[in-house]
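*Asks:* Input: one structure, supplied below.
Values in this text are rule-based calculations from the coordinates and carry no lab data. All values reported here derive from a predicted model rather than from experimental measurement. All Cβ positions, even for glycine, are placed from backbone atoms using ideal geometry, and neighbour counts span all protein chains on display.
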Amino acid sequence: MSDTMFNGGITLACSVRNISEAVAWYEQKLGFNKIFEVDGWAEVATSAKDVSIGLGTNENPTQGGHTPVFGVRDIEAAKRALEGRGVKFKGEIMTLPGLVKLANFEDLDGNPLMLSQSLAT
């Protein structure tokens, strides 16, 4: 099934203790480039087209899993469409003003997934 709500980009989100140290590690060790860094969140571009790694601050980071974050054109419409298909979201859409809107949900086995709509102009 082809679906036009997705824009092709994907971010793999993970938690880290220190954003600046994590960004430096991904840059120095893997050769990735920082896309942006704000309070509590940063993203680095991987060598794969439209695939980035999102780094979120957490005092006790979860190890062993990333959350796929699927880019969408209109997060409200995408959320409604997925809810219409039986997808259950966790909480409301979160907005980081001028940056991004995010919506969390899970698959059948409780694996975390997320939608993201860029607000950058």
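*Asks:* Run the dipole for the chain about the Cα centre, Lys and Arg Cβ at +1, Asp and Glu Cβ at -1, nothing else charged, and hand back the magnitude in debye, nearest 20.
*Replies:* The calculation lands at about 160 debye.
*Asks:* Here is a further query. Counting pairs of alpha carbon atoms under 8 Å apart in space and at least six apart in sequence, what relative contact order in percent does the chain give?
*Replies:* Answer for the chain is 25 percent.
*Asks:* With unit charges on the beta carbons (Lys and Arg positive, Asp and Glu negative) and the dipole taken about the Cα centre of the range 42-99, which residue among Pro61, Val44, Met94 sits farthest to the positive side?
*Replies:* Toward the positive end, the furthest listed residue is Met94.
*Asks:* For the chain, what proportion of DSSP beta bridges, expressed in % and rounded to the nearest 5, is antiparallel?
*Replies:* 75
*Asks:* In a Gaussian network model over the chain where Cα atoms closer than 10 Å are linked, find which of Ala48, Ala103, Ala24 has the largest mean-square fluctuation.
*Replies:* Ala48
*Asks:* Lysine pairs, Cα distance under 21 Å, 8 or more residues apart or cross-chain: how many in the range 7-118?
*Replies:* 8
*Asks:* If you average 1/r over every pair of different alpha-carbon atoms in the chain and take one over that average, what Kirkwood value in Å do you get?
*Replies:* Hydrodynamic radius (Kirkwood, Cα pairs) of the chain is 15.1 Å.
*Asks:* Counting helices only, and only those DSSP H runs with n ≥ 4, report the 222 nm mean residue ellipticity of the chain as the sum of -39,500 (n - 2.57) divided by its residues, in deg cm²/dmol to the nearest 500.
*Replies:* It lands at -5500 deg cm²/dmol.
*Asks:* I've got another one for you. Mind checking which of Glu106, Glu27, Glu83 has the largest fluctuation in a GNM of the chain, springs on alpha carbons under 10 Å?
*Replies:* Residue with maximal mean-square fluctuation among Glu106, Glu27, Glu83: Glu83.
*Asks:* Okay, moving on. Do any trypsin sites (Lys or Arg not before Pro) in the range 71-121 lie in a loop, going by DSSP, with at most 11 other beta-carbon atoms within 10 Å of their beta carbon, and if so which?
*Replies:* Hits after loop and neighbour filter: Arg85, Lys88.
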